[in-house]
Amino acid sequence: MKTVLVIEDQPDMRENITTILSMEDYEVIEAENGHLGLDLARSEKPDIILCDVMMPVMDGHAVLQALRRERSIAGTPFIFLTARGEKQDFRNGMVLGADDYLTKPVSANDLLAAIESRLERETKRNRGFQPDFRSATPLQELGISPREAEVLLWVAQGKSNPEIATILGAAENTIKVHLSHLFEKLGADNRHALSFIALEKLSNL
């Protein structure tokens, strides 16, 4: 059974998320603030963390920064939850190293899909397929530009064109142009093929 740590200061929202996850046979640990959540992450070593962004005392960004500095839990998949849909929030969260970003209220289907996707990727990492997503620089060795490498880095992490545009602060049409160049330069027919090429390179396979 996989363990999910839910860090959320709103009781109703925390209860709703916990109920959804429990019904899908996840073991759920709850925390009503960032400090308690970080302590539970250290002691319980959950398989994945869902964390609200806007919380008093210690917000979600501070939780993630602290988490990534501790070797024993630094690699834990981390998904932000927020009631705010502002692009800057999204961009800041992804730059800090979040694995995904869900806007509340999130549907049960979207919540479960995000968790399952991140856990599946973590399973692949544990089997020896370990891409390093910290930098797009290695992807430039494929003969692509620095900006194309940045786009490819996020494609490999399953992000859509609108999401990549938000993260990189670019127009969606610009991302489409970069993708067309990537398809041509790398001889890929679809996004899955692009992702595989990137993952191989980032895993040093």
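Computed values, structure above
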{"quantity": "Residue list for the stretch 47-69, filter: surrounded by 21 or more Cβ atoms within 10 Å (Cβ to Cβ) and part of a loop (DSSP other than H, G, I, E, B)", "calculated": "Val53, Met55"}
{"quantity": "Tabulated pairs, the stretch 164-193, first surrounded by fewer than 17 Cβ atoms within 10 Å (Cβ to Cβ), second part of a loop (DSSP other than H, G, I, E, B), C-beta under 7 angstrom, 6+ apart or interchain", "calculated": "Lys185/Gly143; Lys185/Ile144"}
{"quantity": "Single residue of Asn190, Asn173 found to be more than 20 Å from Arg118 (Cβ to Cβ), at pLDDT 90 or above, among the polar types (S, T, N, Q) and more than 19 Å from the chain's Cα centre (by Cα)", "calculated": "Asn173"}
{"quantity": "Verdict on Arg134 being surrounded by fewer than 13 Cβ atoms within 10 Å (Cβ to Cβ), charged (D, E, K, R) and closer than 25 Å to Gly93 by Cα", "calculated": "yes"}
{"quantity": "Residue match in the stretch 132-150 (condition: touching a residue at least 60 places away in the same chain (Cβ under 8 Å), within 19 Å of Pro77 (Cβ to Cβ) and not in a helix (DSSP H, G or I))", "calculated": "yes"}
{"quantity": "Residue in the stretch 70-121 that is modelled with the highest pLDDT, counting only those that are outside any helix (DSSP H, G or I), among the aliphatic types (A, V, I, L, M) and over 10 Å from the mean Cα position of the chain (by Cα)", "calculated": "Leu81"}
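The values are calculated or read from the model by the stated rules, or taken from the named source; none is laboratory data. Everything numeric in this text was worked out from a predicted model, so none of it was measured. Don't worry about glycine lacking a Cβ; one is built from the backbone with ideal geometry, like all the others, and counts go over all protein chains shown.
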